[in-house]
C-alpha cells in the first residue's frame, strides 16, 4: 500500500510537470493569428485538450515489440 501511494505521488508530480511543459510548448507552437485574450485561451485550451486526448489514446494501444 505504501508503495502504491509513493507511485501515485510520483505520477502526480510528473503530471503537473508535463502540463506545465505542454502549456509552454503549445504557446510557442501556436501561430500569431490565434487571436488575443479569451480567443487565444480558448484556442490554447482546445489544443491542450486534444493533445491530452491523443496521448491517452496512444497509451491504450498495445506496445510494439521489436
task: Could you state the angle between the C-alpha long axis of helix 37-60 and the longest principal axis of the C-alpha atoms of the chain, as a value from 0 to 90 degrees rounded to the nearest 10?
output: 30 degrees
statement: Proxy exposure order for 52, 10, 26 (fewest C-beta within 10 Å first) is 10, 52, 26
field: residue 36-residue 4 pseudo-label distance in nm [points 7 Å out on the Cα-to-Cβ vector]
entry: 5.2 nm
query: Helix 2-29: angle to the longest alpha-carbon principal axis of the chain, degrees 0 to 90, nearest 10?
result: 20 degrees
- line: Read-out percent of Cα pairs over 19 Å apart, candidates (1) 67; (2) 24; (3) 52; calculated match is (3)
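Here, each number is a calculation from the coordinates, and none is a lab measurement. All values reported here derive from a predicted model rather than from experimental measurement. Heads up, the Cβs are rebuilt from the backbone with ideal geometry, glycines too, and the neighbour counts pull from every protein chain shown.
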